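What follows is one structure encoded as structure tokens, with my remarks underneath.
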Amino acid sequence: MSLVPKAKSHASIQQQKVGIGTKSLLMTSHETSDSVTLYVGGHELYCLNVNIIKPTSPMARVIDPAIANLQKIEYNQQCSLEGNFKRGLDTNIILKFIITYIKASYPHVTGLLFNDASFRTCDNGAQVSLAMMSYMTSGKTWYQNNFGAFLDAKSDSIFKKVESEFQQKKSVVTWEILKGMIDIPIDEETMKEMYESAKTWQEFFGPLKDLLGINEFCIFIAPWFDTFIKNYMRFNMMGLLYIIPIEDYGVVYTLSEYQRGGRAYTRKRINRHLDER
């Protein structure tokens, strides 16, 4: 579980209730002379936290204060005050909220730095890297497609080389090789023609996802996808650093004093999940 950590002795603490539509969240800030760390979630657990360096801090000499650090975003049902946090939809809302809030409250910040550890749970319970699945079908990760995220300069340089080598292998990996790794979900001749006519991995996997639908496609790739990536890409995209631009998403929210009162709250043990779509 992700409990808000104890603040440093020299930090000031503020707690505010965030109202977004019919849902309410707790935002806790730990502020020092150097930085502000924001935690957004429920009474006990948080699903998102961001660390912001102040431009007046000596740390700004070595860390660009314009780029805040999105340290974690994940799903947990208890990440709203009502205990009814929903996977996917609400996770997106709190990310849009914090970006909108930072835009208004910390104008020196222009981007959020993060590693993409997101995944998708298929209808059969299997899990697939969302970043890798999205890249294989569209050429971009989910955050690139939906939040305008981009690779930082060093990661971009690394990935361009990896991607070039990976795409070259499309012409080397024959249909017979690929067929030996998978369970064919459609007519074999149709799938073979799709594969052999595609010049890139995306030209094959993208139309196949559209044909099967995202739910069936997830189930289709789950058993062999990790092995395929390790064999042919030999790279873990979780090691890349992305930046989400700070902009106003138009999220309407209210801030008020946080009070723990109301109905009795029972602390439950809930399994946490990394950011999931």
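The values are calculated or read from the model by the stated rules, or taken from the named source; none is laboratory data. Quantities reported herein were computed from a predicted structural model and do not represent experimental measurements. Virtual Cβ from ideal backbone geometry, glycine too; neighbours counted across all protein chains shown.
At a glance:
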{"item": "Any pair with Cβ under 8 angstrom, 6 or more apart, that starts in the range 205-233 at a residue that is in contact (Cβ under 8 Å) with a residue 24 or more places away in the chain and in a helix (DSSP H, G or I) and ends at one that is surrounded by fewer than 16 Cβ atoms within 10 Å (Cβ to Cβ) and of a type in the set (Ser, Thr, Tyr)", "result": "GLY206/SER138"}
{"item": "Considering residues of the range 85-100 that are surrounded by fewer than 19 Cβ atoms within 10 Å (Cβ to Cβ) and modelled with pLDDT under 85 only, the residue farthest from LEU240 (Cα to Cα)", "result": "LYS86"}
{"item": "Condition met for ILE246 (hydrophobic (A, V, I, L, M, F, W, C), under 22 Å from the mean Cα position of the chain (by Cα), at pLDDT below 95 and surrounded by 14 or more Cβ atoms within 10 Å (Cβ to Cβ))", "result": "no"}
{"item": "Output for the range 141-177, where each listed residue is in contact with a strand residue (DSSP E or B) (Cβ under 8 Å, 6 or more places away or on another chain) and not hydrophobic (A, V, I, L, M, F, W, C)", "result": "THR141, TYR143, GLN144, GLY148, ASP152, SER155, ASP156"}
{"item": "Close pairs from the range 115-130: first in contact (Cβ under 8 Å) with a residue 60 or more places away in the chain, partner of a type in the set (Gly, Ala, Ser), Cβ under 7 Å, at least 6 apart", "result": "ASP116/ALA131; SER118/ALA131; PHE119/SER129; CYS122/ALA222; ALA126/ALA222; VAL128/ALA222; LEU130/SER118"}
{"item": "Candidates VAL36, VAL50, filtered to the one that is modelled with pLDDT of 95 or more, touching a helix residue (DSSP H, G or I) at 6+ places or on another chain (Cβ under 7 Å) and buried (at least 16 other Cβ atoms within 10 Å of the Cβ)", "result": "VAL50"}
{"item": "Boolean, ILE20 is within 18 Å of GLN259 (Cα to Cα), among the β-branched types (Val, Ile, Thr) and surrounded by fewer than 16 Cβ atoms within 10 Å (Cβ to Cβ)", "result": "no"}
{"item": "Of all residues making up the range 189-199, the number that are touching a residue at least 24 places away in the same chain (Cβ under 8 Å), of a type outside the set (A, V, I, L, M) and surrounded by 14 or more Cβ atoms within 10 Å (Cβ to Cβ)", "result": "0"}
{"item": "Looking only at the range 103-130, and only at residues there that are outside any loop (DSSP other than H, G, I, E, B) and among the charged types (D, E, K, R), the one that is surrounded by the most Cβ atoms within 10 Å (Cβ to Cβ)", "result": "ARG120"}
{"item": "In the range 38-68, the residues that are out of contact with any Pro (no Cβ under 9 Å at 6 or more places or on another chain) and β-branched (Val, Ile, Thr)", "result": "VAL40, VAL50, VAL62, ILE63, ILE67"}
{"item": "Helices (runs of 4 or more DSSP H) (entirely within the range 131-188) containing at least 2 residues that are more than 23 Å from the chain's Cα centre (by Cα)", "result": "153-168, 175-179"}
{"item": "Residue within the range 168-176 that is in contact with a Lys or Arg (Cβ under 6 Å, 6 or more places away or on another chain), without any contact (Cβ under 8 Å) to a residue 40 or more places away in the chain and either closer than 21 Å to PHE220 by Cα or not β-branched (Val, Ile, Thr) (or both) present", "result": "yes"}
{"item": "Cβ-Cβ under 6 Å pairs, at least 6 apart or on other chains, the range 1-27 side in a strand (DSSP E or B), far side of a type in the set (Val, Ile, Thr)", "result": "GLN15/THR28; GLY19/THR254; LEU25/VAL18; LEU25/VAL40; MET27/VAL18; MET27/VAL40"}
